[in-house]
Amino acid sequence: MTSIQQRAELQRRIWQIANDVRGAVDGWDFKQYVLGTLFYRFISENFAAYIEGGDGSIRYAELADSVITPEIRDDAIKTKGYFIYPKHLFATVAASANTNESLNTDLAAIFSAIESSAIGYPSEQDIRGLFADFDTTSNRLGNTVKDKNSRLAAVLKGVAELNFAEFEGSNIDLFGDAYEFLISNYAANAGKSGGEFFTPQHVSKLIALLAMHKQTSVNKIYDPACGSGSLLLQAKKHFDAHIIEDGFFGQEINHTTYNLARMNMFLHNINYDKFNVQLGNTLIDPHFGDDKPFDAIVSNPPYSVKWIGSDDPTLINDERFAPAGVLAPKSKADFAFVLHALSYLSSKGRAAIVCFPGIFYRGGAEQKIRQYLVDNNYVETVISLAPNLFYGTTIAVNILVLSKHKTDTNTQFIDASGLFKKETNNNVLLDKHIDQIMAVFDSKANVDHFAQSLPYEKVAVDYNLSVSSYVEAKDTREVVDIAQLNAELKTTVARIDQLRKDIDVIVAEIEGEELEV
């Protein structure tokens, strides 16, 4: 099988497990158990492989807990960020799950032990609460302990039976791809509540390429509204690890999604000392002020959410918002996220931000913020995308690319709304579409009906940054040759006149015959 076929087969099996096991439990509620179990297996196997160190004579799962010295435990936590005893490994627990009458409480104790192992170590913040949403006592699993254990055992058994060895050497990020596949499918089936914090991989790839364009190295990459971490991970996927020197940073307001992001980092083999994901409201309680500036920023912040805005008089003096001289409207925080990202951006970097189209043409405070961005030459490119690319919304979003190192004062507008492939539920960007966008982004060439780079004077007329105002849509109506059409009409009219004359002759002949009779 090709790597594409192998990935599809792996995903088919995982989705079958998720659907077969959950029963009457809502899929979005049940996702934590499937994702959490997949994560539990990954860190167990990853940890065992670390302890064994490639020595085929060592089977960590078969060792007694008593042989683990404090020195071994201490060294492992400093390196991996956590510790798992042999008896707590996924394979060990899954093997006896069907007959374990205290499975749910045993799992709760194991997860607590893994999290607690990091207390007092540098990894404590990254490990704490990772399994918080894997509630083994929840009634969502069943009303009785027996029911709960039965469903938990089924999930463990299903994940244990996944033969990842079949897919090794196929260039598939096994656990990571499986994990993101599940997240995306749950998001696609959950409506807006799920899709609002998952960016499809094809869009994530474009955003990562824009933010990292022509950078031979970046100090670190940051997402101020990181969701499950998919945007950050696309940067890792498409660029060599050494390009991102100091790791991956993100902040997320939703606790469940914050846990997903941290799990996702581990599943993509990003060690605890190479990522820093924080929980909290980015606009009101921003983290990483001491870590900025960032050479690459990627983000798909929530569209037009409410925020405190002018109700907090201190925010107008915040270093992120003060330079614009005005705050984003309280009913629409979009530009608050944009200004936050700009404040965190280094002088050599780029920020690529998914934006709601309305912020590029509305008046009031949003127009004043656009004026600030244009007058200070921060707007490199605005790209309009096709509709229905995201889960939970059919709107056609834009990507705003900010830069602090432009070599001219032009602003580029790209109309990519016609680049997509229609699939069952959503449109998708293919690699050829992404290549086409990146080629014109790089060249800044003017292409009829696709891309225009305009001087400051033209954009500064009213500071409208809507792509459709500058890139003329292609007229897809059929071209009509008027002269040819007139000639055809003249011929047709003449033919009709001749037919009428012929009919009159025939009618006259018929009437004459009737009179003779």
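The values are calculated or read from the model by the stated rules, or taken from the named source; none is laboratory data. Just so it is clear, the structure is predicted and the values come from calculations on it, not from any experiment. Glycine gets a Cβ as well: all are built from the backbone with ideal geometry, and neighbour counts include every protein chain shown. Please note that ligands, DNA and RNA were not included when accessible areas were found on the heavy atoms of the full protein model with its side chains. Shrake-Rupley method; radii C 1.70, N 1.55, O 1.52, S 1.80 Å.
Quick look at the numbers
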{"read-out": "The chain - percent of accessible surface contributed by carbon and sulfur, probe 1.4 Å", "value": "51"}
{"read-out": "Principal-axis tilt of helix 145-160 within the chain, Cα atoms, nearest 10 degrees", "value": "70"}
{"read-out": "Calculated [θ] (222 nm, deg cm²/dmol) that DSSP helices of n ≥ 4 give over the chain, each run adding -39,500 (n - 2.57)", "value": "-14000 deg cm²/dmol"}
{"read-out": "Per-pair calculated FRET efficiency, R0 = 56 Å: ASP375 and ALA109 via Cβ, rounded to 0.05", "value": "0.40"}
{"read-out": "Kirkwood hydrodynamic radius over Cα pairs of the stretch 1-108, then Stokes diffusion coefficient at 25 °C and 0.890 mPa s, in µm²/s", "value": "151"}
{"read-out": "Reciprocal of mean inverse Cα separation for the stretch 306-458 (Kirkwood radius, Å)", "value": "16.6"}
{"read-out": "Relative counts (whole %) of C-alpha pair distances in the stretch 33-87, using bins that are 10 Å wide", "value": "22, 55, 21, 2"}
{"read-out": "Cα principal axis extents for the chain, largest first, Å", "value": "123, 72, 44"}
{"read-out": "Prolate/oblate/rounded call for the stretch 356-409, Cα gyration tensor, a/c under 1.5 rounded", "value": "oblate"}
{"read-out": "Globularity index of the stretch 280-366, i.e. its alpha-carbon radius of gyration over 2.2 N^0.38 Å", "value": "1.04"}
{"read-out": "Label-point separation, HIS405 to LEU63 (7 Å along Cα→Cβ), nm", "value": "4.6"}
{"read-out": "Over the stretch 294-452, relative contact order from alpha-carbon pairs under 8 Å, at least 6 apart, %", "value": "20"}
{"read-out": "Modelled label reach - LYS237, point 7 Å along Cα→Cβ, the stretch 382-416 residues with backbone N closer than 17 Å", "value": "389-391"}
{"read-out": "Taking only Cα atoms of the stretch 45-135, radius of gyration then Dmax in Å", "value": "13.5, 38"}
{"read-out": "Spin-label model distance (nm) - VAL447 vs ASP29, 7 Å beyond Cα toward Cβ", "value": "4.9"}
{"read-out": "Across LYS31/LYS330; LYS80/LYS332; LYS332/LYS406, pairs whose alpha-carbon gap is larger than 30 Å", "value": "LYS31/LYS330; LYS80/LYS332"}
{"read-out": "Angle in degrees between helix 255-267 and the longest Cα principal axis of the chain, rounded to the nearest 10", "value": "80"}
{"read-out": "Cα pair distances exceeding 12 angstrom across the stretch 214-258, given as percent", "value": "59"}
{"read-out": "0 to 90° range, to nearest 10: angle between helix 103-116 axis and the chain longest Cα axis", "value": "90"}
{"read-out": "Contact order normalised by residue count of the chain, Cα under 8 Å, 6+ apart, percent", "value": "11"}
{"read-out": "Of the GluC sites (Glu not before Pro) in the stretch 418-492, those whose Cβ has at most 15 other Cβ within 10 Å and which sit in DSSP loop", "value": "GLU423, GLU472, GLU478"}
{"read-out": "Length released on extending from SER331 to VAL507, taking residue separation times 0.36 nm less the Cα-Cα span", "value": "55.6 nm"}
{"read-out": "Per-residue HN-Hα couplings for the stretch 416-427 [Karplus 6.51, -1.76, 1.60; θ = phi - 60°; Hz; x = Gly/Pro]", "value": "9, 5, x, 9, 5, 10, 7, 10, 4, 9, 9, 7"}
{"read-out": "Label point 7 Å beyond Cα of VAL305 along Cβ direction - residues of the stretch 342-359 with amide nitrogen under 16 Å", "value": "354-356"}
{"read-out": "Value of D in µm² per second that Stokes-Einstein yields for the stretch 196-350, Kirkwood Rh from Cα pairs, at 20 °C (1.002 mPa s)", "value": "137"}
